[in-house]
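Enquirer: Quick one: the structure is below, questions incoming.
Nothing in this text is a laboratory measurement; each read-out follows from the coordinates by a stated rule. Remember, it's a predicted structure, so these values are computed and weren't measured experimentally. Because the Cβ atoms are built from the backbone with ideal geometry, glycine has one as well, and the counts that use them run over all protein chains shown.
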Amino acid sequence: MSATVTRQWTIQGQKGFDDLKFIPKAPVPKLGDHDVLVKIRFVSLNYRDLVIPKNNYPFPLNLPVVPGSDGAGEVMAIGGRVTRFKPGDKVVTLFNQGHFGGSLDLTSAATGLGGVYDGTLRDYGVFDQQGLVEMPSTLSFQEASTLSCAAVTAWNSLFGLESRALKAGQTVLTQGTGGVSIFAAQFALAAGATVIATTSSSSKAEILKTLGVHHVINYREDPSWGQTAKKLTHGKEGVDFVVEVGGVTTINQSLAAIKIDGVISIVGFVGGDSPNQPSFLGVLNNICTVRGVYVGSRLQFEDMNRAIEANGIKPVVDKNCYPLEQLKDAYEYMWNKKHFGKLTIRVAED
């Protein structure tokens, strides 16, 4: 099957969500020798998707662009030299289309879907065969659409430093109930770690506990939640890993929680800005490793998918699911922090 037109969204500028434009009939790019035509069934949103049209994204962009990095769908057609997939295969998109393995570099960091390359918020997309992975057999299209950014970021945060990868019996601190944080909690629990999570909501705290999280701290009621987390660890030594999503508004508490020689992975900045930023001496004073994480490689994605299948891990998906035409409503819903877990967009029926 060869599609010629597609519905799609594009980001035309960076003055706000009104710069998201819906195009009911756009041409589908021609299929090259190494390309794969994918019928996209579900997409999931990330905080990154929201801040690009608000001009608050620090990584490479090439506007106008079709937004969305995360998508799951079915292979409809392949180029003449494609060897990795065949029509009918179920696939998920790779966030940085050029990051296959090893460390990120300047070239692969500039291959992000929905930022530099046209993304997933459309009926049909054409992707290089190297920029797709096989969908976990245990997941639906909707569940699999949540993996590309948040899940791989969480996996990299815990296992990406191979000499310091998470081990059973260690302790992980997560922040909030967004996609990265929940995936990090699920992966840590599957690895046999103790998980401490923060949230501002008693109802969300109960859901975190049903996932198996050992301790939940309400950060609005306890502004010194980092010290509280440290006291919950063995010998009050501190946590081995922090998955840091808040940024400058939370990093001081992460430093307060971390164990000597622990690892803080900074993956986001959902807390916005703050004048009270720590100095680099905060890292020395706490004798820890602080690393920036920009999603992860295809090899990490494939390792993660095997773990998802082996452990029966199911992504936590928000109860609301928006059709493609109502994308702006979905952006507003997520911007107002009404979601729990991953917010998905239904492009085609599962």
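Enquirer: Sort Asp222, Asp35, Asp70 so the one with the fewest other Cβ atoms within 10 Å of its own Cβ comes first.
Expert: Asp222, Asp35, Asp70
Enquirer: For Cα pairs less than 8 Å apart in space and 6+ apart in sequence, what is the mean separation divided by the residue count of the chain, i.e. the relative contact order in percent?
Expert: So the answer I get is 18 percent.
Enquirer: For a distance above 13 Å, tell me the whole-number percent of Cα pairs in segment 202-244 that qualify.
Expert: For segment 202-244, the fraction of Cα-Cα distances above 13 Å is 61 percent.
Enquirer: Arranged by the count of other C-beta atoms within 10 angstrom, fewest first, what order do Arg306, Arg346 take?
Expert: Arg306, Arg346
Enquirer: List the GluC sites (Glu not before Pro) within segment 209-281 that DSSP assigns to loop and that have no more than 15 neighbouring Cβ atoms inside 10 Å.
Expert: Glu221, Glu237
Enquirer: Using +1 at the Cβ of each Lys and Arg and -1 at the Cβ of each Asp and Glu in segment 196-350, identify which of Gly268, Asn285, Thr344 lies farthest towards the dipole's positive end.
Expert: Among Gly268, Asn285, Thr344, the one farthest towards the positive end of the dipole of segment 196-350 is Asn285.
Enquirer: Something else: What does the helix-only formula give at 222 nm for the chain: each DSSP H stretch with n ≥ 4 adding -39500 (n - 2.57), the total divided by the residues, and the result rounded to the nearest 500 deg cm²/dmol?
Expert: The helix-only estimate for the chain comes to -6500 deg cm²/dmol at 222 nm.
Enquirer: Taking neighbour Cβ counts within 10 Å as the exposure measure, how do His234, His339, His215 sort from fewest upward?
Expert: Lowest to highest Cβ neighbour count: His234, His215, His339.
Enquirer: List the relative contact order of segment 16-109 as a percent without decimals, with contacts defined as Cα pairs under 8 Å and 6+ residues apart.
Expert: Result for segment 16-109 is 30 percent.
Enquirer: Where both residues lie in the chain, what percent of DSSP beta bridges are antiparallel, nearest 5?
Expert: 55 percent
Enquirer: Shifting gears a bit: With +1 on each Lys and Arg Cβ and -1 on each Asp and Glu Cβ, how big is the dipole of segment 1-151 about its Cα centre, in debye rounded to the nearest 20?
Expert: 300 debye
Enquirer: Next question. Calculate the dipole size of the chain relative to its Cα centre from +1 charges on Lys and Arg beta carbons and -1 charges on Asp and Glu beta carbons; express the result in debye to the nearest 20.
Expert: 280 debye
Enquirer: For segment 1-79 and segment 168-228, compute the distance between their C-alpha centroids and round to whole Å.
Expert: Going from one Cα centre to the other spans 33 Å.
Enquirer: Could you give P(r) for the chain, binned at 20 Å from zero, as whole percent values over all Cα-Cα pairs?
Expert: 32, 57, 11, 0
Enquirer: Turning to a different aspect of this structure: Given that compact globular proteins tend to follow 2.2 N^0.38 Å, what is the ratio of the alpha-carbon Rg of segment 35-161 to that value?
Expert: Scaled against compact globular proteins, the figure is 1.01.
Enquirer: Another question, then. Could you grab the relative contact order for segment 195-331? Cα pairs under 8 Å, six or more apart, rounded to a whole percent.
Expert: RCO, segment 195-331: 15 percent.
Enquirer: Also, quick follow-up: At a Cα cut-off below 25 Å, give the lysines reachable from Lys209, other chains included and same-chain residues fewer than 8 away excluded.
Expert: Hits, sequence-local ones excluded: Lys167, Lys230, Lys231, Lys236, Lys259, Lys314, Lys319, Lys337, Lys338, Lys342.
Enquirer: Now for a different question. Over all alpha-carbon pairs of segment 153-292, lay out the pair-distance distribution in 10 Å bins, whole %, shortest bin first.
Expert: All Cα pairs, binned at 10 Å, distribute as 13, 49, 34, 4 percent.
Enquirer: Any chance you could count the Lys pairs in segment 1-134 whose alpha carbons are under 26 Å apart, treating pairs 8 or more apart or on different chains as valid?
Expert: Eligible lysine pairs with Cα atoms under 26 Å apart amount to 13.
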